[in-house]
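Reading through the structure tokens given below for one structure.
None of the figures in this text is laboratory data; all of them are computed from the coordinates on show. Nothing here was measured: the structure is a model prediction, and the numbers come from that model. No Cβ is skipped: glycine too gets one built from the backbone with ideal geometry, and neighbour counts run over all protein chains shown.
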Amino acid sequence: MKTIGVISLGCPKNLTESEAMLGTLTSAGYVVTSSLQDAEIILINTCSFIKSAVKESLDTIFSYAQLKKSGACRYLIVVGCLPQRYGSELSQLIPEVDLWLGANARPYLLTALTRALAGELANDNECGASFLKSSGHAGDDNPPRLLTTTPATAYLKIAEGCSRSCSYCLIPKIQGRLQSRTLEAIRSEASQLVDHGVREITLVAQDTGSYGKDLYGKPSLDRVIRSLTLLPKLRWLRIMYLNPDSLTDELLGVIRGEEKVCRYLDIPFQHASAKVLGLMNRGGSLAANLQIVADLRRLLPGIALRTTLMTGFPGEDRRSFRELLSFVQQAQFERIGVFTYCHEEGAPSYRLQETVSFIEKQRRRRRLYRLQKQISGRANDDCVGRELPVLIEKQIGAGVYLGRSYREAPDVDPKIIVRGDRLDPGNFTTVKITHAYAFDLAGIVTENASDPGFPMLS
């Protein structure tokens, strides 16, 4: 019986693939260990979206390659976006790796691993094997998953790839065009998750809002939501990675009408300058983006909005950046993430001349975060005195816990510090907010906390 340790790098979409591989391996008799020093097999699921992700992937591989000399490791396996992007040249760079498999490698894993353990692939590393290129749909076979998220929470990937043509993005080249999972497959996996105690499901994809274009001829995320909210034991359904033009009337209608759908939307606007957005091949403008935000706040009272923004894209002059600052100031997002532009070879934007220095990109990023700190602090002040249902995630001290309300997505957003007695991670309780900080909130469990509802801030 072989022991195996798995390292998952990158985003939640990658994590769902890692969890599926863990489930596949345990079903086949492999023993998963969290002690990588003791693992006979180490599997690394990589990311290569931008330079920093490539560096993290390579550093991780080199680090664990040393365990083939000093630890119990006998086989090192690397899967995911890195071998999908760079192919067979990696086997020459890192000969310590015994097996390379590309993105969405889970269906190939057991067969390839068996061959690798038998020494059949010693001189024939299989770089670039791609689930996307050999299956009708992305993940419709619903393998068992070994969840690694906090109790009662899981991600659910509903599609793979992306058919957009954002000039800075390599995902279509690495992952291929949009491939939506069937509604039946999504519902089946969600049912399995809920049956195993999951109460919060977060829908993810490279382009969540485009779900169904390839299957049904039009965006059909609303169909997914309607189907999943029928699961009796599901408490929260959360949606991430919705591009602005994905906010159809059908989608917004179902979000408004279904009480299980968290009034929390993650919308990557990326920028607010029409000039920069045009160079990004995204479209939009300051006025148009502000109108989207205003419409959402009017239609969905109490909604918490998160966005991702980019500084330093080629052509982002001072006027363009002032427009971005103005957008953040006027939109009053509850959460933002800010990334500096990476000049990635292979992306269409690589043909553009960089016009913003590395130092200036970072300066602009810090300036946006300083502004957001003020905005977030004011939004948190408005929460003081309110009562919110909170999903308890873990205990951090005697009578002190960390949790999240509908306003906080897992992994990317701040937490709520909760004081209470004998709270169980994975359960919900009602918390009265007593203190607000720049990003976090703190509160106490109310006396009538046994059956919290799902109120929104208004």
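Of note:
- Dipole magnitude for the chain: computed about the Cα centre from +1 point charges on Lys and Arg Cβ and -1 point charges on Asp and Glu Cβ, it is near 1200 debye.
- Listed residue (G283, Q179, L265) projecting farthest to the positive dipole end of the chain, Cβ model: G283
- Stokes-Einstein D (µm²/s) once Rh is taken as the Kirkwood radius of region 387-445 over alpha-carbon pairs, at 4 °C in 1.567 mPa s: 117 µm²/s
- Using just its DSSP H runs of length 4 or more, each adding -39500 (n - 2.57), the chain gives a mean residue ellipticity at 222 nm of -10000 deg cm²/dmol after division by all residues.
- Among 348-355, 248-255, 47-54, sorting by the average number of other beta carbon atoms lying within 10 angstrom of each residue, highest first, gives 47-54, 248-255, 348-355.
- For region 75-114 and region 380-411, distance of Cα centres in Å: 40 Å
- Working from label points 7 Å from Cα in the Cα-to-Cβ sense, the Q291 to R226 distance is 2.8 nm.
- Taking amide H positions as modeled 1.01 Å from N, with prolines and chain starts lacking one, the residues under 5 Å from V338 and 5 or more places away or on another chain are L309.
- Take each peptide in 261-268, 325-332, count the other Cβ atoms within 10 Å of every residue, and average; sorted highest first, the result is 261-268, 325-332.
- If both residues of a DSSP beta bridge must be in the chain, then about 35% of such bridges are antiparallel.
- Cα radius of gyration and Dmax for the chain (Å): 22.5, 66
- Taking every alpha-carbon pair under 8 Å whose residues sit at least 6 apart, the chain reaches a relative contact order of 10 percent.
- Cross-link table K157/K260; K55/K361; K55/K213; K51/K415; K157/K373; K275/K415, entries beyond 27 Å C-alpha to C-alpha: K55/K213; K51/K415; K157/K373; K275/K415
- Taking other residues whose beta carbon is less than 11 angstrom from the beta carbon of S357, and scoring Lys, Arg as +1 and Asp, Glu as -1, yields +1.
- If you wrap the tightest convex hull around every Cα atom of region 245-348 and split its volume per residue, you get 109 Å³.
- Test item: Cα-centred dipole of region 387-445, Lys/Arg +1 and Asp/Glu -1 on Cβ, debye: 140 debye
- D_trans [Stokes-Einstein, Kirkwood Rh over alpha-carbon pairs] for region 3-133, 25 °C, 0.890 mPa s, µm² s⁻¹: 171 µm²/s
- Region 1-58, Rg to Rh (Cα coordinates; Rh as Kirkwood inverse mean 1/r): 1.02
- Estimated FRET transfer efficiency when R0 is 30 angstrom, pair R351-S88 (beta carbons, to 0.05): 0.70
- Taking one quarter of the surface of the C-alpha convex hull of region 151-246 gives a mean projected area of 6.3 nm².
- Applying Stokes-Einstein at 10 °C and 1.306 mPa s to the Kirkwood radius of region 168-325, computed over alpha-carbon pairs, gives a translational diffusion coefficient of 93 µm² s⁻¹.
- Potential lengthening between R366 and Q37 on full extension [0.36 nm per residue; Cα-Cα distance subtracted]: 114.6 nm
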